[in-house]
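These notes concern the structure reproduced below.
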Amino acid sequence: MRNTNFSRYSRQYDLGIKPRIFIGKDLVRVKLGLKILKFRYKSDSDLENLLQLLERNYVLKTYSSLDVESETVVDIGANVGDTAIYFAASGAKHVYAVEPYPYTFRLAKENIKLNNFGKEITLINMGCGGKSGQVKVKNSHTNRLGDMLKDEGGRINIRVTTLRNLVRLYGLNGAILKMDCEGCEYEALLNVDNETLQKFRQMFIKYHKGCTTLVRKLKRAGFNLKILEPLPIKHGIREQGLRGSIFAYR
């Protein structure tokens with residue numbers, strides 16, 4: 001058994017579907033309705049990251065406001081595949097899951113296979129930004145909560161695409177967008193045309209440095225908005241802005 005104490009994640013939650021998280025050797029199981037979903041981890045840091053994701057997305061039901069049943073979902077910032085699997089298990093017709101970091105991408109691929117969602121989920125090893133290109137990261141880099149994709153001058157090339165390219169490539173129209181990419185939301189959304197944004201009927205966007213510009217952009221594209229969970233970001237005694245979520249719908 002690993003040294004880190006994660007016993008608090010195994011308690012029962014009464015939040016409608018009553019999920020529970022069970023930690024085993026190299027495998028975590030989470031209950032979603034009548035389904036038992038499985039996720040791999042390879043280290044203590046993997047486990048810590050995974051448990052935070054599962055508690056946020058399966059226990060606290062962060063994305064329950066999205067109507068994904070029988071719909072196409074674009075998941076920007078797929079991490080280990082937890083949200084893509086959540087959407088697929090919740091009845092999404094298809095999920096296009098975008099994850100840039102190779103290590104996390106491999107875990108996501110394994111988790112999707114483990115849960116038999118290979119037909120429902122297309123996993124894309126790319127980042128999303130304001131323009132197509134590539135960034136270089138170090139070989140040791142893995143995606144953790146709070147990590148922003150940026151050029152580190154390393155040896156691994158990561159391709160970056162745009163929302164417009166994804167919409168065109170997969171023929172999206174009336175899709176649902178989930179975006180949690182630790183800062184890429186600004187370049188990805190502020191540099192795209194309104195016509196592309198209007199290919200989505202619902203969005204759930206995590207913002208990390210305030211939301212004023214994002215709100216202005218989405219309103220101009222014709223979306224109604226709800227601002228959720230705004231929390232101050234502080235370094236020492238200095239406030240650096242707000243982080244939270246935007247639920248946008250048309």
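Residues checked against (1) on the phi > 0 side of the Ramachandran plot; (2) crowded, with 20+ Cβ neighbours inside 10 Å:
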| site | (1), (2) |
| --- | --- |
| Ile21 | no, yes |
| Lys31 | no, no |
| Glu48 | no, no |
| Leu54 | no, yes |
| Lys61 | yes, no |
Would you kindly identify the strands (runs of 3 or more DSSP E) lying entirely within the range 27-135 that contain at least 2 residues that are in contact (Cβ under 8 Å) with a residue 60 or more places away in the chain? 35-40, 72-76, 94-98
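No lab work stands behind these numbers, since they all come straight from the coordinates. Being a predicted model, the structure only gives us computed values, none of them experimental. As a convention, Cβ positions derive from the backbone with ideal geometry for all residues, glycine included, and neighbour counts pool all protein chains shown.
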